[in-house]
Each structure stands twice: as C-alpha cells, then as structure tokens.
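S.K.: Pasting in a structure now, in structure tokens, and then I'll have a few things to ask.
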Amino acid sequence: MRRSVLASVTLLTVLLLGLVISRSPSSDAANLQTAPTTGNVQIQAELPEGGLPVAPAFVLMRRINIDADGQMPLHSHPGLSLYRVESGTLAVTVSGKAMLLRAATENGTPTAASDAPLDEEFRMRRGDTLVAWAQTPKTYRNPGDRPTKVLAGFLLPAGHQHPPTISYLSGASSSDIKGVSPEFLGDAVAPNLPSGPSVVTIDRLSLEGGEPIPAFDGPVILSVTSGVFDFTTVSGEIQVSRAADQSVVANPAAETAFSLSKGDAVFFPGGIQETPRSEQDGELQLLRLTIAGGADTGTPVAAGVPGVIAMASPATPAATTEPTEESDAETPEASATTEAEPTATTEAEPTATTETGRFGEGDVAVVTEDGVNLRSDPSTEADIVTALDAGQQVTITGPSEEGGDFTWWPVTLVDDESVSGYMADDFLQAVEE
C-alpha cells in the first residue's frame, strides 16, 4: 500500500491564505447559502462551473487568528477560499469582485449575497461569509481591541507547475504581516473534483457516544475540535494530517491505528462509509468540509475508493517517516520560514455547579480558562456558538438558568455584542471594580 508524508504547510503559507476575495470565472456568480448565527452549517457555497480549481487540489482548513491591530498586506492567491468570521470584527478592502453574505438576523431571517464594495473598506462581523476565486488583490486588518477569529477553507491548485500559494503586490512582503497566526485544522490533496457546478460546505458535527460518523459520497475532510478520534484503517483512500508537525500520511496500510485530537484531521478523497461508534467512544465534535457536484447540472466527482475505518483504541501510533514509495498526489509547498503553531488546547467543559446568583444583569465577567464553549442554550448538548479564551470579557444579560446540573448565564461579548449565548458559571469570574 502506498504511503507518503506530505510536506507541511507552515506558518508563512497559512498567513498567505488571507481573506481571498472572488473574481468570478464565468458570468454566473456563486450562490452563498445563509449560515445561521448558531447551528451546524457554518458556510455553504453553490459554485458555478470553473469555481473549483482543476484537480489535483490542496484542501486546507484553518482558523485564522488576528490580534488587535493585526493586519495582512496586499496580496493574492491562486484558488478558491471560504471564510466565516467566528468572533470579532474584520476590516477588508478588495480590488476585484467579491461575494459577501451577511449573517442571518437575530430572528433567523435569511440574508442575500451581494457584491462586496470595490476598493472601499468594509467590515465583517460574526457570521458574515466571503467566497472568493483566484488572483484578486486584497488586504485586511482587525480594527477592534480584541482578537478576531476566522474559520477558513481553501482549495488551491496542486498539479505539476502549480502557481505559488501567495503573491505579494505593490511592494508588500511577508515582513509586513502583523499579528496574524493560524490554527491548523487539516491538510490534504484531492485527486478528483467536480468539473461542473459544485457545492462546498463547512459544517459542525456534534456526536454523542454511540452516534455514527455519517457517510458522504464525495471528498470530505473531518477535523477534530473536541474529544478524541481513535480509529483503525480498513480499506480505501485515506489521508491523515497532524496539527503538531503539520504532516500528512497518505494511503496508510490496512489496520494502521490513529488517535486524533484537537486540530488533527482525516481526509477521504473518494468519500466515507458510515462508521459505527459505541457508547464508550464518548462525545466527539468535528468540523466537516465536503465537496459535491451541483444538485441538477453538476458533474459528479470522478469515482474514487470510499474510505472505510473502524473505531478502535490504537496500540501503535502511525509512522510519520519518509515513505519507501511515493504517492501520485502532489505535496503542499513548504514555507520559506517556520514559526511555532499555537498549542492546541482541549475545550473546557463544566465539571460542577458553583455558587449561583453572584451576577446581576449588566455585570461584566471575565473568562477564566482557554477553550471555554459559548453555547446557544443552557446545556452541554446545545450548539457551540464559539470558543472563548482566558481574559475575554462578557456582559451578563439576564438571570442564571439551570441545565444539565449546571448553572448557566446568558451573556454577550464585551468587544462584539452581536456574539451571544450561554456560559457555565464554572468559568466566569467577576471583574473587580
């Protein structure tokens, strides 16, 4: 069985994957579907023919973190890019056609996609989405005083003599990047993609113990956001990427064991069969990027071999040494510079109810740990709105509620009042006057 370790896409390359703005390759514009402020679907774009690069293509997932006053200089990229602001504010300027979709309104009313302003700075906030094609000049910055987080997916040309992943414009260079850093969520190479209209979706899967990993008939990448994903390969095409060293193992031998944690990902170029999970497998949360042909006129993805895995506790980690045989897939370009990735942290969950009634409406509280989930309702079963880090401040908007043996507070972010939800009392501390 062929095996290969794909070269890592290191920090510089990731930074280059800034907010690409679209230049339509045909007269048909992308049809962006409204992604709810909370819920499973984060981004969904129906693309016209030519919206995807010609296969093979790199499939990358990242969370881009932009510090207060952080900025990305003028640049362009060669492939499709999808973005959703998870928290904070982003100020963007584009010099080409861009499709912008505002978040659904608070009462759930959908919004319509429109062309983004040309050569005029506009702001994106939580839930806003951009879809982009290649070679469009753009720059962006964080105008706020708190970090901004952007969920991003990229499909970039990976064939022989593929173009560089970044081109700086008007004298800009990587030294002009300020306060921009990524979280690795997965790398892969897709040998086949739809050649006609297509649909690219990023959604969240929240699986309880016993719930299976669903099947998908087409390229799909699964990135772990919480929990541990232990499995053994059975058959089919599979690629596994690691956040720690940004390496990718392609087509491992059958019965190879893997244990994936936050930021690690597995890619199935030919789709995945449904994978049963036992009650003992526990809760598992995933980000899923899928690629499919358009519903009516899209050309289906060329036949691949569906991946088959079995849930199991691995006995021996998969090898990540150089292969003895090369894979046919191209490898992502290595960066000219390297810097350490942010350390992945497990998302915190409440463990016990603490004192109640200690906050009043309008009080400001500070988050005490990294990776604390802000949820849509007062329950650990509710959808995750976003994850907050230690030091971020929230405003209490009402009385506490009990849910699942825990105490929850309705809150909004101090630095972005459009972000609201419920936080467990365990991870909040009053801000002293």
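S.K.: For the range 248-272, how many residues meet the condition of being hydroxyl-bearing (Ser, Thr, Tyr) and either open to solvent by less than 10 Å² (accessible area, probe 1.4 Å) or not in a loop (DSSP other than H, G, I, E, B) (or both)?
M.R.: Step one: of the range 248-272, the residues hydroxyl-bearing (Ser, Thr, Tyr) are 256, 259, 261.
Adding the requirement that they be either open to solvent by less than 10 Å² (accessible area, probe 1.4 Å) or not in a loop (DSSP other than H, G, I, E, B) (or both) leaves 259.
Adding up the residues that qualify gives 1.
S.K.: So if I check each of GLY153, GLY218, GLY236, GLY210, which one is among the small types (Gly, Ala, Ser), buried (at least 20 other Cβ atoms within 10 Å of the Cβ) and on the phi > 0 side of the Ramachandran plot?
M.R.: GLY218
S.K.: Tell me, which residue of the range 221-232 that is buried (at least 22 other Cβ atoms within 10 Å of the Cβ) and of a type in the set (A, V, I, L, M) is nearest to ASP281 (Cα to Cα)?
M.R.: VAL224
S.K.: Can you name every one of the strands (runs of 3 or more DSSP E) wholly within the range 366-409 that holds 1 or more residues which are touching a strand residue (DSSP E or B) at 6+ places or on another chain (Cβ under 7 Å) and farther than 30 Å from GLU211 by Cα? It would help to see each step written out before you state the result.
M.R.: Details: elements: 372-375, 384-388, 393-396, 401-403.
Qualifying strands (runs of 3 or more DSSP E): 393-396.
S.K.: So, of the residues in the range 180-202 that are open to solvent by 20 Å² or more (accessible area, probe 1.4 Å) and under 22 Å from LYS262 (Cβ atoms), which turns out to be nearest to the chain's Cα centre (by Cα)?
M.R.: GLU183
Listed here are the residues, each with its yes/no results for (1) more than 20 Å from the chain's Cα centre (by Cα); (2) within 21 Å of LEU47 (Cα to Cα); (3) among the aliphatic types (A, V, I, L, M).
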| residue | (1), (2), (3) |
| --- | --- |
| ALA113 | yes, yes, yes |
| ARG126 | no, no, no |
| GLN135 | yes, yes, no |
| HIS162 | yes, no, no |
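S.K.: Which residue pairs have Cβ atoms under 7 Å apart, sit 6 or more places apart or on different chains, and have a first residue in the range 273-293 that is touching a residue at least 12 places away in the same chain (Cβ under 8 Å) and open to solvent by 30 Å² or more (accessible area, probe 1.4 Å) and a second that is in a loop (DSSP other than H, G, I, E, B) and of a type in the set (A, V, I, L, M)?
M.R.: Hits for this filter: GLN273/ALA215; GLU274/ALA215.
S.K.: Considering every residue within the range 213-221, establish whether at least one is charged (D, E, K, R), modelled with pLDDT under 95 and farther than 25 Å from GLU183 by Cα.
M.R.: Initially, the range 213-221 is screened for residues charged (D, E, K, R), giving 217.
Right, trim to modelled with pLDDT under 95 and you get 217.
Checking the rest, the ones that are also farther than 25 Å from GLU183 by Cα come to 217.
The answer is yes; a qualifying residue exists.
S.K.: Follow-up question, since we're still on this one. Taking ARG84, is it surrounded by 20 or more Cβ atoms within 10 Å (Cβ to Cβ) and touching a helix residue (DSSP H, G or I) at 6+ places or on another chain (Cβ under 7 Å)?
M.R.: Working: surrounded by 20 or more Cβ atoms within 10 Å (Cβ to Cβ): yes; touching a helix residue (DSSP H, G or I) at 6+ places or on another chain (Cβ under 7 Å): no.
No: the conditions fail for ARG84.
S.K.: Here is a further query. Please go through the range 370-417 and give me each residue that is touching a residue at least 40 places away in the same chain (Cβ under 8 Å), among the small types (Gly, Ala, Ser), closer than 25 Å to VAL41 by Cα and buried (at least 17 other Cβ atoms within 10 Å of the Cβ), ordered by number.
M.R.: Within the range 370-417, ALA382, ALA387 meet the criteria.
S.K.: Okay, next question. Somewhere in the range 162-173, is a residue modelled with pLDDT of 90 or more and either outside any loop (DSSP other than H, G, I, E, B) or open to solvent by less than 30 Å² (accessible area, probe 1.4 Å) (or both)? Give the derivation first.
M.R.: Just the residues of the range 162-173 that are modelled with pLDDT of 90 or more, to begin with: 170-173.
Imposing the further condition that a residue be either outside any loop (DSSP other than H, G, I, E, B) or open to solvent by less than 30 Å² (accessible area, probe 1.4 Å) (or both) reduces the set to 172.
Looking through the range 162-173, at least one residue is modelled with pLDDT of 90 or more and either outside any loop (DSSP other than H, G, I, E, B) or open to solvent by less than 30 Å² (accessible area, probe 1.4 Å) (or both).
S.K.: Being closer than 25 Å to THR89 by Cβ and either among the acidic types (Asp, Glu) or touching a His at 6+ places or on another chain (Cβ under 7 Å) (or both) is the filter here, so list the residues in the range 377-433 that pass it.
M.R.: Answer for the range 377-433, where residues must be closer than 25 Å to THR89 by Cβ and either among the acidic types (Asp, Glu) or touching a His at 6+ places or on another chain (Cβ under 7 Å) (or both): ASP383, ASP389, ASP415, ASP416, GLU417.
S.K.: Ok, one more. Scan the range 418-427 for residues that are surrounded by fewer than 23 Cβ atoms within 10 Å (Cβ to Cβ), outside any loop (DSSP other than H, G, I, E, B) and out of contact with any Leu (no Cβ under 9 Å at 6 or more places or on another chain) and jot them down.
M.R.: ASP425, ASP426
S.K.: Regarding the range 108-122, can at least one residue be identified that is at pLDDT 90 or above, open to solvent by less than 10 Å² (accessible area, probe 1.4 Å) and in a loop (DSSP other than H, G, I, E, B)?
M.R.: no
The values are calculated or read from the model by the stated rules, or taken from the named source; none is laboratory data. Quick caveat: nothing in here was measured; it's all calculated off a predicted structure. Here the Cβ is made from the backbone with ideal geometry for all residues, glycine too, and neighbour counts use every protein chain on show. Keep in mind that these areas ignore ligands, DNA and RNA; they rest on the heavy atoms of the full protein, side chains included. Shrake-Rupley method; radii C 1.70, N 1.55, O 1.52, S 1.80 Å.
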